[in-house]
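Notes follow the structure.
The values are calculated or read from the model by the stated rules, or taken from the named source; none is laboratory data. Computed from a prediction, not measured in an experiment: that's the story for all the values here. Every residue, glycine among them, receives a Cβ derived from its backbone with ideal geometry; neighbour counts consider all protein chains shown. Surface areas here come from the heavy atoms of the whole protein model, side chains and all, with no ligands, DNA or RNA. Shrake-Rupley method; radii C 1.70, N 1.55, O 1.52, S 1.80 Å.
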Amino acid sequence: MEYALVTGGSRGIGRAICQKLAYNGFSIIVNYKSNEMAALETKKMIEDEGGRVELLQFDVSDGTAVDVAIEKWQQAHPEDYISVLVNNAGIRKDTMMIFMQDEDWQDVINTNLFGFFYITRRVLKDMLTHRYGRIINVASLSGLKGLPGQVNYSAAKAALIGATKSLAQEVGARKVTVNAVAPGFIATDMTEDLDEANLKKMIPVGRFGRPEEVASLVNFLASREAAYITGEVVSINGGLYT
Ligand code: NAP
């Protein structure tokens with residue numbers, strides 16, 4: 001049994017990734033921060049399809065909480081290890097730089113970037129020992145191109161891309177791959193406040209993406225077939241930016 005941990009698996013892109021990986025035989029660990037109802041819904045969806053799933057609540061931006069949760073999971077699964085980690089948990093707090101408060105900056109950096117650091121360093125050790133692992137970081141178009149109103153979010157996602165490239169070089173020899181995906185506009189709770197009708201005019205394929213489309217890409221990068229892809233950032237944005 002191979003275990004895949006998806007942070008922020010309760011909703012949106014994370015939920016779709018959980019479903020896709022479960023369908024492909026992984027036992028899923030669904031992390032979430034506070035929306036237990038949504039996490040239970042994800043769990044039920046997977047179980048209804050015959051998949052294996054468990055919930056693991058923790059705040060990715062809290063290093064101690066991450067350590068405690070992973071330790072607890074490892075004690076409950078002494079024979080197993082997490083071979084696939086999807087760092088998907090993320091938030092945005094958009095505002096123009098001149099209005100940006102310390103809290104807007106810190107919350108976004110802490111969740112999107114420190115979250116990656118806290119969880120990856122814990123899970124990586126077992127991957128290295130077992131000489132196999134897949135780490136997929138959910139970055140963003142914003143981390144490649146930058147977007148106005150997202151100085152905090154663009155900084156966090158660009159740093160995540162840098163970390164992806166660096167870590168890939170550290171762990172490649174142990175058959176652990178590290179890649180990032182960079183979605184454009186995807187229809188989830190995170191983008192529900194955006195003016196979709198107007199924004200989609202800029203997107204060559206003429207629509208927002210679906211969480212399932214990002215999940216398919218992540219699923220490939222998480223597979224054994226993707227062994228020769230590492231340190232890569234794959235855009236999935238309907239042609240908005242190449
Ligand atoms: P979403 O629908 O808002 O879902 C966010 C998920 O992250 C939820 O499961 C949430 O848990 C979890 N989360 C937030 N903060 C957390 C924390 N501190 N600890 C643990 N879990 C936390 O967002 P989404 O659109 O699916 O986005 C998923 C990822 O894709 C994010 O990294 C985002 O930056 C990236 N992305 C999204 C888009 C887009 O257009 N949607 C584009 C590019 C990149 P709860 O349910 O408990 O709140």
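Miscellaneous remarks
- DSSP-defined antiparallel bridges as percent of all bridges, the stretch 2-236, nearest 5: 0 percent
- Expected-Rg normalisation [2.2 N^0.38 Å, Cα atoms] applied to the chain: 0.96
- Whole-number accessible area per residue in Å² for the chain, which is evaluated in the context of all protein chains at 1.4 Å: 49 Å²
- Secondary-structure-derived ellipticity at 222 nm for the chain, considering helices only, amounts to -13000 deg cm²/dmol, per-run term -39500 (n - 2.57) for DSSP H runs with n ≥ 4.
- Relative contact order, percent, the chain [alpha-carbon distance under 8 Å, six or more residues apart]: 20 percent
- Listed peptides 175-183, 103-111 appear in the order 175-183, 103-111 once ranked by packing, highest mean of other Cβ atoms within 10 Å at the front.
- Summarising the label geometry, the points placed 7 Å from Cα in the beta-carbon direction at Tyr228 and Met1 lie 3.4 nm from one another.
- For Val234, the amide hydrogen comes within under 5 Å of the amide hydrogens of Ala180, Val181, Ala182, counting only partners 5 or more places away or on other chains and with H modelled in the peptide plane.
- Length gained on full extension, Met100 to Arg52: 13.1 nm, using 0.36 nm per residue less the C-alpha separation.
- Paramagnetic label zone (point 7 Å from Cα along Cα-to-C-beta, Tyr23; backbone N under 18 Å) in the stretch 199-227: 209-225
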